[in-house]
Structures are given as C-alpha cells and as structure tokens.
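In what follows, a structure is listed as structure tokens, so that the remarks can point back to it.
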Amino acid sequence: MNEKLQEYARLLVRVGLNVAEGQRMVISSPVECAYFARLCAKEAYDAGCGEVVMNWTDDAMTRMKYLYAEDKTFDVVPLWRRHFFNDCALEGSAYLAISASDPENLKGVASDRIIRAQRASGKALKDFDRLQMCGGFPWCIASIPIPSWACRVFPDAPEEEAMGKLWDAVFSAVRISGDGQAVTRWQEHLATLERRLEKLNALDLQYLHYTNSLGTDLTIELPEGHIWESGGDMTLSGRSYIANIPTEELFTSPLKTGANGVVYASMPLVHDGNIIDKFHFVVKDGKITEVHAGQGEETLKAAVTVDEGASYFGEAALVPYDSPISNQNLLFYNTLFDENAACHIAFGEAYPCIKGGQQMSKDELKALGLNDSITHVDFMVGTPDLSIVGTTRQGEEVPVFTDGNFDTRLF
C-alpha cells in the first residue's frame, strides 16, 4: 500500500502537474486526506518545488457553515481568500486539488445559500478561474477514498472493507498497480488519446447528433474553428500537465446557441453536496428550457440558474463505454471518476477549445460563440447503446460513436 501511495503521489506531482524547479505549489485537500497531501508535498520538494502551500477543507465545517453561519456571509468572499487564489494563479503556481467528500454533505441545506456563495466566489476569483480555463497555470484534480464516500459507494460493506474496495477501484482507474510503471502506462494512454484526437480534429465536424434508448435525441452544433482536446494539456508557457487524473476523454466546446433536443442523464450526479438522479433537460437554441429530475430537482434547477450562462452548454466530451473506469461497473458518486466512465456534457463555462483560444479574451471567445459562466458542471450521458453521428462542414455524415464506443471504421 505504501508503495502504491508513493507511486500515486509521484504521478500527480511529476506528471499531473509537472512541477518546475522553484515553482510554488498549492494543495487543496480535505483534512481527512492530510497523510496523502504530505506525501504529495514531499514529492514536490523532491522535484525542486520552491514552496508547498496548503489549503485545508473539512466536510463537517463546511456543512456547519451553510447551516448556521450569518446569512450575509454567503454574499462576500474574504479579501485574504481572493488574494490567495488569484495571486497564486497570476504567478503561475501549480495547483493540486484532492477531491474527496461525502456525496450528500450538504443535503438539507438551503439552495439559496449555496448559489449565493457560488456567485460571490465567481466574481471574486475571476483571475483564478480565467487562468485555470486557458492554461495559465498547471492544475490537476485527483482523489483518494474517505470513509463517508467509500460507504456511499459500497453501502453493504463495513467501513474498513468499503475503504479497501474503493482504494482498489481508484488505483485501477489511475493505472497504479504497485510495480512502479504508472508513468509508462500513462504515457502510452496519452499517446492513444492523441491518435484519436488527430482523427477527430481532421473531420472538421459541424454537428453531433446523440441518440440512445433512454430517450436522448440531441443535436449539438460546434463553432467554426473549434478543436478537440484531450487530458494532456499545455500551459501558456508551454509546459505539459494533466488536469484530471484519471482522464479518458476527448472534449470540445459547443456553439452556445447551437444545442437542440432532449438529453437524459445516464448516471446520478453529485453536485453541491447533493445527489441528483433520473434527470433530463429539454434544450432549445442552446438554452436549457426544462429541467426534470426524479431526485434533487430543486438542486438541479438552482444549478442551471447560477448565472445566465449556466443554462447553456460549455463542453461536449467523448468517452468510450469500454474503458478502465466504466468496466469496473461501479458508480463512484464522484464526478472526477464518473465523467471518465461515460460520454458527458457540461452546462456552464466553455473551455477555449478553438484555434488560438488560449490567447483570447473572454469577449473574443464569446464573439466566436463560446459560453461564459461562473459554473461548469459535467453530467453523464453515455450508455452502451449511445450513437453519435457527426456531420462535417461539407455535409457528410460520419459515425463517431456506435454502441457506446468510438466507431472502429474511423478510430
């Protein structure tokens, strides 16, 4: 176990973030994950990091705040917090987020408080959000098990057994087996994604038409000059990093006003400390006009009204149903893993997936048809029978996905 943990920390620091000599690194971590955060910090120093700065989080304190804090608290962001995130982003600090929480930590909390806090944060941390989306600094989101999460994934197992099972699932998803070869396996994986990426970009698609037996019948238009990207990315300074570990996706940004139809989620979504399940959207001219959910409908309706852009799509991502995460047949109740088990779409902010987009301003990207928002929420749409038919700008229809996977005739 110790060898696997060391290998995981090494993968995140040296490949996920690719920490540079003398660079500052920020780690956001739950207090329950302190032992692993320390391993990552030591690995960063061994890699030449100038300083590691911690940002601790705690599910219990977060819940207490949303339940009992003074109401005006949710409309402001302290000056120290603005400076911490914005200044680190502006100087190009590496940022590691260890994502692990109780999927229902905020169940019963008033949605109004959560939304107001998100709006205040979106306004206060504009530099951090802008630079994160355009590769202004290397960032990586990863996760390790905590008891509340493990017991949600394996509700019939005792806590210790649930933790062991979730650790096995996480190590499998991030390609760690304890033999010290994780970096090599990731290099091979990224090369596979890159080959698919080249073929997808060569198609120059204008439309994607999604259909499956859940009832999804959605057409997404892609902006002229769009590009597809994969898990391996580059900062503005030309340094490689991987934003999500694990990652199985190829993704691009839709035309803000170009989505029409109905789309059904294929998996539950954990958002704002609540579980949302059995939901679908009706979309017209890009805008989500109807929201329906069997569980968590109020939370979902609030999520798509955080701001004007929250009701439009900002990402379309392709993930084969036959993948290391999906093949575990496990619902992780954690978007980092679940989004890499199935094709997904995000409502909210668009990545600058357009030629020259990393160097463009918000206004320039909006002028080219990309969505702008303070939120970005992925929900899963992939199924074993998902069909995605693309239409090129020359009007030719091409099968992109057949029976849940990339069509072998093209990929």
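The values are calculated or read from the model by the stated rules, or taken from the named source; none is laboratory data. Not measured: the values here are computed from a predicted model. Neighbour counts run over all protein chains shown; Cβ positions are idealised from the backbone, glycine included. Protein only, heavy atoms only, side chains kept; ligands, DNA and RNA dropped before computing areas. Shrake-Rupley method; radii C 1.70, N 1.55, O 1.52, S 1.80 Å.
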Q) Would you list GLU221, GLU21, GLU161, GLU188 from the most to the least accessible area, probe 1.4 Å? A) GLU21, GLU188, GLU161, GLU221
Q. Cα centroid distance between segment 372-410 and segment 5-27, in Å?
A. 33
Q: Hand me the GluC sites (Glu not before Pro) from segment 267-342 located in a DSSP loop with no more than 10 other Cβ atoms within 10 Å, in residue order please.
A: none
Q) For the chain, what is the charge dipole size about the Cα centre, in debye to the nearest 20, if Lys and Arg each add +1 at the Cβ and Asp and Glu each add -1 at the Cβ? A) 760
(Q) With the cut-off at 31 Å, tell me which of the pairs LYS42/LYS107; LYS165/LYS284; LYS287/LYS355 have Cα atoms farther apart than that. (A) LYS42/LYS107; LYS165/LYS284
(Q) Suppose only helical runs count, i.e. DSSP H with n ≥ 4. What mean residue ellipticity at 222 nm does that imply for the chain under -39500 (n - 2.57) per run, divided by all residues and rounded to the nearest 500 deg cm²/dmol? (A) -9500 deg cm²/dmol
Q) On full extension of the chain, what length is gained from HIS292 through LYS107, given 0.36 nm per residue of separation minus the C-alpha to C-alpha distance? A) 64.7 nm
**Q.** Label zone at TRP167 (point 7 Å along Cα-to-Cβ), backbone N below 17 Å, segment 33-61
**A.** 33-40
